[in-house]
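The values are calculated or read from the model by the stated rules, or taken from the named source; none is laboratory data. In this text, all values refer to a predicted model and were calculated from it rather than measured experimentally. Here the Cβ positions follow ideal geometry from the backbone for every residue, glycine too, while neighbour counts run over all protein chains shown. For accessibility, only protein heavy atoms count, side chains too; no ligands or nucleic acids. Shrake-Rupley method; radii C 1.70, N 1.55, O 1.52, S 1.80 Å.
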Amino acid sequence: MRKITLLLIIINLNLFAQENELKEFKKELVFFISYDNNKIDTLQKTELNTEKYKIKLETSFKKFCTNPYSKNLDNLKLKGIKSGSTYSFGNETYSFHEQKRDYLNKGIENNINYCISFYGIYDYKLSNFISIYIQPFKVDSKDYIIYYYKLNGKGKYYVKDENSNKIIFESDALTSNAPILKIEKVDSNNYLLIENMQNLGQRAFIVKNENTKWTSINAFKGQSIDMKTFVTEKETNSRKYLWIANNKNMTSRFGEGYDEKPLILFDSKTKEILYNTYSKTSKEVKEFSAVWKNSTFTIDDYFIGKDYGNDQMPHPE
């Protein structure tokens, strides 16, 4: 009986902690933005202070991520006072959203992104509110959850193993939206992740899953687009990413949702990665693919505008 009582106490503590951790992260977020914009007269902006407050902000975010109930919005919705898509917790107001990754798929497993927007807190000079994205994935009967937010043009996402409730991987991201499009099992030790780079396209990379940690590896060979100059193409024997490059010009032609459609595909049966190209001149669709062999995919990067009569290479934002 004492064990059951103790378990119920722990569950209730976690339920209340999730709300408090969200509020605490919001508090650190507001403080950091004010500090970074030199709006705190009593605090001098220095390199040392900036690093200290960045670490404090990230620590606060990771605390929210590792709350067992932060895998979705269910608990927060139960506790908040609803008004349209906004939920209030005392004086705190948030906007909650759920979005399917593939609208044609009626299921929600590996198909739902959750979003928490901080009502009234703008991303510096941008017109959009700062948001947290939560992405649950089930891969090989294991549950992983992605957590991400972007601030002033920079963002980092964290991957949590739900079973251990520990963060096992982190990486910089290049989007204002949910960062991961797909996670696929390649073999017993390796997973394929496909990232949304927003106006810059999509990229795929491999993580090795061992010792309860993910480690990114160089698993691609072939021609690459240089991500520093965005112009040079070179042959590489070992690279980290397969990049299907895009730019704002291409996005404006095909619409905002174009860069969120799966440009890079993976066949789990044949262990084959692939993408299609389309020539506007010849009206031909070509498929480029590579089979997983010796822990490597041999396949070239590709710029979408190349076959659409668009010579402009993508440039960083």
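Amide H contacts of V186 (H built 1.01 Å from N, in plane; Pro and chain starts excluded): Y191, L192 sit under 5 Å, all sequence-distant by 5 or more or on other chains. Proximity of backbone amide H atoms, modeled 1.01 Å from N, is registered between K166 and D161 at under 5 Å, excluding neighbours fewer than 5 places apart on the same chain. At the residue level, T277 shows approximately 10 square angstrom of accessible surface with a 1.4 angstrom probe and all protein chains present.
Site pair S238 and S34 shows an inter-label distance of 4.9 nm when each label is modelled 7 Å from Cα along Cα→Cβ. Measuring r between the beta carbons of K82 and L265 and using R0 = 45 Å, the FRET efficiency lands at 0.70. Shown is the FRET efficiency for N105 and T59, computed with R0 = 41 Å from the Cβ-Cβ distance and rounded to the nearest 0.05: 0.70. Please work out the FRET efficiency for the pair T50 and D187, using the Cβ-Cβ distance as r and a Förster radius of 30 Å; give the result to the nearest 0.05. Plugging the Cβ-Cβ distance into 1/(1 + (r/R0)^6) gives 0.10. Looking only at region 178-214, which residues have a backbone nitrogen under 17 Å from a spot 7 Å from the Cα of Y278 in the C-beta direction? Answer for this model: 201-202. Approximating the spin labels as points 7 Å out from Cα along Cα→Cβ, the T93-to-D41 distance works out to 2.9 nm.
The convex hull of the Cα atoms of region 91-241, projected and averaged over all directions, covers 11.4 nm². The slack between N72 and V291, meaning 0.36 nm per residue of separation minus the straight C-alpha distance, is 75.3 nm.
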